[in-house]
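Heads up: the structure comes next, in structure tokens.
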Amino acid sequence: MTRTPVWSAIATALRDDIAQGCYTSGDQLPTEAALAARFGVNRHTVRHALKHLSEEGRVHARRGAGVFVTAGAATYPIAGRVSFHRNLSAAGRMPGRQILTLDRRHPTPTEARILDLDDPATIILATGVSFADGTPIALFTSCFPGWLPDRFEADLKTTESVTQALALSGITDWTRTSTHISARNASAVQAGQLRVKESAALILSESVNRSADGRAVEFGQTWFAGDRVTLHMQGGDSAASHS
């Protein structure tokens, strides 16, 4: 008979504690030392169990603070010029973003058409991960027209905010003019970045944002982890930002 690894049994016990409400969203779990004493194991075994729960998205670590229970699915409204950071902050969640790559290249025919670019042209391509309370909830790819000023890339890297970077480039008013939502399965690479299982359900949101004078300033694609985000479509102005 195959024995269950001790770390797995500890993960199951903590998972049950969370499910039964012993620890709720945002609660801090006992320290590694306290959990090691509770289960009669060393801290390395506890750390293995916590790492597994983190990969499931059930808990997240805050450097220097401890391990906390991850909150439920984040609500993301698709409406009214509401930014990603503002959305999560309003819901009591801690937003975060990490830009993984930032580069200039020639656009594909589809990117050129969506961004209204004539040949020859270039685009600024940014890819990265968005977080809620330290847990990755989405991957994003943003294409910006190459006519934006040279400072745009540095501003985007520094602020990690599309809204702020565009404002610093003189574009202070812009809206989402179209949104297309579809379902996808996570690839092996996406699964690793989002800490979900391969083929897990993702929600793909594709959008086009335009400045007040009608120029396309961003073509964005965002892959949300299906069990960590609830998209809420609202009436009225259908503009929204993921920055």
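Tabulated results
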quantity	calculated
In segment 184-197, the residues that are open to solvent by 70 Å² or more (accessible area, probe 1.4 Å) and either free of Cβ contacts under 8 Å to residues at least 40 places away in the same chain or more than 18 Å from the chain's Cα centre (by Cα) (or both)	ARG184, ASN185, VAL189, LYS197
Out of VAL41, VAL59, sole residue that is of a type outside the set (S, T, N, Q), buried (at least 19 other Cβ atoms within 10 Å of the Cβ) and at pLDDT 80 or above	VAL59
Residues located in segment 139-171, provided they are part of a helix (DSSP H, G or I) and open to solvent by less than 10 Å² (accessible area, probe 1.4 Å)	PHE152, LEU156, VAL162, ALA165, LEU166
Entirely in segment 1-64, the helices (runs of 4 or more DSSP H) that have 1 or more residues that are within 30 Å of the chain's Cα centre (by Cα), of a type in the set (Asp, Glu) and under 26 Å from ALA191 (Cα atoms)	6-19, 43-55
Total residues in segment 87-116, condition modelled with pLDDT under 75 and either under 15 Å from THR135 (Cβ atoms) or surrounded by 15 or more Cβ atoms within 10 Å (Cβ to Cβ) (or both)	5
Those residues of segment 102-133 which are within 29 Å of ASP213 (Cβ to Cβ) and among the β-branched types (Val, Ile, Thr), in sequence order	THR108, THR110, ILE114, THR122, ILE123, ILE124, THR127
Failed item, numbered, when PRO136 is tested on (1) at pLDDT below 90; (2) touching a helix residue (DSSP H, G or I) at 6+ places or on another chain (Cβ under 6 Å); (3) open to solvent by 10 Å² or more (accessible area, probe 1.4 Å)	(3)
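The values are calculated or read from the model by the stated rules, or taken from the named source; none is laboratory data. Predicted, not measured: the structure shown is a model, and the values here were computed from it. Positions of Cβ are generated from backbone atoms using ideal geometry, with glycine treated the same way; all protein chains shown enter the neighbour counts. Just the protein is used for accessible areas: all its heavy atoms, side chains included, with ligands, DNA and RNA removed. Shrake-Rupley method; radii C 1.70, N 1.55, O 1.52, S 1.80 Å.
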